[in-house]
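Undergrad: One structure follows; several queries about it will come next.
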Amino acid sequence: MGKIFYIMGKSATGKDHIYGELLQDPELKLKPLVLYTTRPIRSGETEGETYYFSDEQHLKQLTAEGKIIEVRCYQTIHGPWYYFTADEGQFDTEQDILGIGTLESYSELRSYFGEERIVPLYIEVEDGLRLKRAIGREEQQEQPKYQELCRRFLADSQDFSEEKILEQGIEERIHNNGTLEECLERVRQVIRRHR
């Protein structure tokens, strides 16, 4: 089976852009890992590519069928939003897979597939720059949700604490404080090294 390269980092670190660019790289030939979420679709997102946009009933069905690898629930001002990974055959491949998620989901995938199969790609951005990027992204939405942006920004300090990063054995950090291309080249180097 192929490797699972897993992008992680706080909100507004450029994970989605990095993910998209890596999937388009003909040299890397990465297959996307599509997660599920019950949150509303955002402008520019595509069903089955960005996420499988689901609901709580579907999550219960997959759980009953034993297909859930990991699930997370975030209490937002809009109600609970679930993010989850299901094993419905997308991992049965020789091709390397590219995923994106949290430390928590990384930990569950590593437990499920084994440490030798999953490679962390941890992206970091200086907090002030990250906040500016988050506000800029939210301004582009048809109905900006600034309260949720603030909640998420603050929650990231706990969710991605230094202690939690080290607990997961993540030693290498990939900085995205400069250009996207600089960051992408650093990520490509990590992927090549682990193949």
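Undergrad: For the stretch 136-150, which residues satisfy the criterion of being touching a residue at least 24 places away in the same chain (Cβ under 8 Å) and open to solvent by 70 Å² or more (accessible area, probe 1.4 Å)?
TA: Scanning the stretch 136-150 gives Arg137, Gln140, Glu142, Gln147.
Undergrad: Here's a check for you: in the stretch 28-64, which residue that is surrounded by 13 or more Cβ atoms within 10 Å (Cβ to Cβ) and in contact (Cβ under 8 Å) with a residue 60 or more places away in the chain is farthest from Lys145 (Cα to Cα)?
TA: Leu28
Undergrad: Select from the stretch 59-71 the residues that are of a type in the set (A, V, I, L, M) and part of a helix (DSSP H, G or I) and write down the one among them that is nearest to the chain's Cα centre (by Cα).
TA: Leu59
Undergrad: Report yes if some residue within the stretch 103-122 is open to solvent by less than 70 Å² (accessible area, probe 1.4 Å), modelled with pLDDT of 95 or more and over 30 Å from Gln61 (Cα atoms); otherwise report no.
TA: yes
Undergrad: Of everything in the stretch 175-195, what is under 15 Å from Glu124 (Cβ atoms) and assigned to a helix (DSSP H, G or I)? Give them in sequence order.
TA: Within the stretch 175-195, Leu180, Glu182, Cys183, Leu184, Arg186, Val187, Val190 meet the criteria.
Undergrad: Now a separate question. Kindly indicate whether any position in the stretch 65-83 is of a type in the set (Lys, Arg), over 27 Å from His175 (Cβ atoms), in contact with a strand residue (DSSP E or B) (Cβ under 7 Å, 6 or more places away or on another chain) and open to solvent by 20 Å² or more (accessible area, probe 1.4 Å).
TA: Taking every residue of the stretch 65-83 in turn, at least one turns out to be of a type in the set (Lys, Arg), over 27 Å from His175 (Cβ atoms), in contact with a strand residue (DSSP E or B) (Cβ under 7 Å, 6 or more places away or on another chain) and open to solvent by 20 Å² or more (accessible area, probe 1.4 Å).
Undergrad: Hey, Thr93 hits all of (1) open to solvent by less than 20 Å² (accessible area, probe 1.4 Å); (2) among the β-branched types (Val, Ile, Thr); (3) out of contact with any Asp or Glu (no Cβ under 6 Å at 6 or more places or on another chain) but one; which does it fall short on?
TA: Single failed check for Thr93: (1).
Undergrad: When only residues in the stretch 13-58 that are assigned to a loop (DSSP other than H, G, I, E, B), hydrophobic (A, V, I, L, M, F, W, C) and in contact with an Asp or Glu (Cβ under 9 Å, 6 or more places away or on another chain) count, which is farthest from Gln140 (Cα to Cα)?
TA: Selected residue: Leu28.
Undergrad: Which one of Arg133, Arg193, Arg186, Arg173 is without any contact (Cβ under 8 Å) to a residue 12 or more places away in the chain, open to solvent by 40 Å² or more (accessible area, probe 1.4 Å) and of a type in the set (Lys, Arg)?
TA: When all the criteria are applied, what remains is Arg193.
The values are calculated or read from the model by the stated rules, or taken from the named source; none is laboratory data. Everything quoted here is computed from the prediction, not taken from an experiment. Every residue, glycine as well, gets a Cβ built from its backbone with ideal geometry; the counts of neighbours run over all protein chains shown. These accessible areas exclude ligands, DNA and RNA; they are computed on the full protein's heavy atoms, side chains included. Shrake-Rupley method; radii C 1.70, N 1.55, O 1.52, S 1.80 Å.
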